[in-house]
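Single-structure report; data block below.
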Ligand code: CIZ
């Protein structure tokens, strides 16, 4: 990190600010907060100097969410807020598809992804050429694509969905179409088909991608914990397997999971998803009890404060998101269709 020297008072005020966010509840002690404070002070100053904004996905590291993010949420919320921001630069603390979505919606802004390793197993499971082949095999069938995909895959799609709005959008589309193609998450596709009473592949053609985090939870993540924690409410992300989903109390995206916790009063909660959500829930609802059950996503956790600082100071070409205009325009059309159908 750089050599900025902060006054003792500035450091103490920053430590108090960080402490008040709830980081202490996650085990960040006085020493850890002191180390973080210098970094967050510097990044927050750089952010102002560069007219930049930092969105952070809920799966990001806690020090990013609480120390430097301007707004936090799921990919749907972040895409909307990024499109509205007045800042000229977006330093996206999330994964590549999220940064690309920001660029698709706001091409005039500089969009930076601090760690190039922040890709994703779902996005990597399918190419634009795969989608073109599917469309040739199933002509005139609308392509519904989970937001967790690269820009060129979005460009081949008719409408984008997120975990927050997939069910609603599919319901609306099925009123006008007998069959849909759903990409790329096979587990989410199977969950949606079951919920909507649709047959695979007669009514839903589903790609075979999976999320490296959610595919690893199974039924064994549920029953023993119910016995050990009477009354526990178990929430699973909609990228989990149908077998697991059939055993839990609630299934949805991260925003829905947080809303469920907020609006209920159970003795304890178990959030079956990436660990960042449980960390965030612990700081948002300090009076509620959370049973640990999560996995770390190597892509979501690729970015740390040092990456953000270096990117703000001197972005490297491979951190700058660029999307060919023809692809961007087509991908934007599919995203706009999502906004239209989900609202
Ligand atoms: O859509 C998102 O943000 C992802 C990847 C998960 C979720 O449910 O928030």
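All of the numbers you see were taken from the coordinates with simple rules; none came from a lab. Keep in mind that this is a model prediction, so the values were computed, not measured.
Enter the angle in degrees (range 0 to 90, nearest 10) between the Cα long axis of helix 166-176 and the first principal axis of the Cα atoms of the chain, meaning the one along which they spread out most. Between the helix axis and the principal axis of the chain, the angle is about 30 degrees. Comparing 141, 200, 15 in a Gaussian network model of the chain where C-alpha atoms under 10 Å apart are linked, the largest mean-square fluctuation is found at 200. Computed from Cα atoms, the angle from the helix 96-105 axis to the main principal axis of the chain rounds to 80 degrees. Among 290, 174, 92, the largest mean-square fluctuation in a Gaussian network model of the chain (Cα springs under 10 Å) belongs to 174.
Where both partners of a DSSP beta bridge lie in the chain, what percent of those bridges are antiparallel, to the nearest 5?
Among the beta bridges of the chain, antiparallel pairing accounts for roughly 5 percent.
Based on DSSP H segments of at least four residues, each scored -39500 (n - 2.57), the chain has a per-residue ellipticity at 222 nm of -13500 deg cm²/dmol. The separation of region 222-263 from region 46-99, counted between C-alpha centres, amounts to 27 Å. Extension gain for residue 336 to residue 313 (0.36 nm times residue separation, less C-alpha to C-alpha distance): 5.0 nm.
For the chain, rounded, prolate or oblate, judged on the Cα gyration tensor with a ≥ b ≥ c (square roots of eigenvalues), a/c < 1.5 rounded, else prolate if a/b > b/c?
oblate
Helix 254-263 and the longest principal axis of the C-alpha atoms of the chain enclose an angle of approximately 70°.
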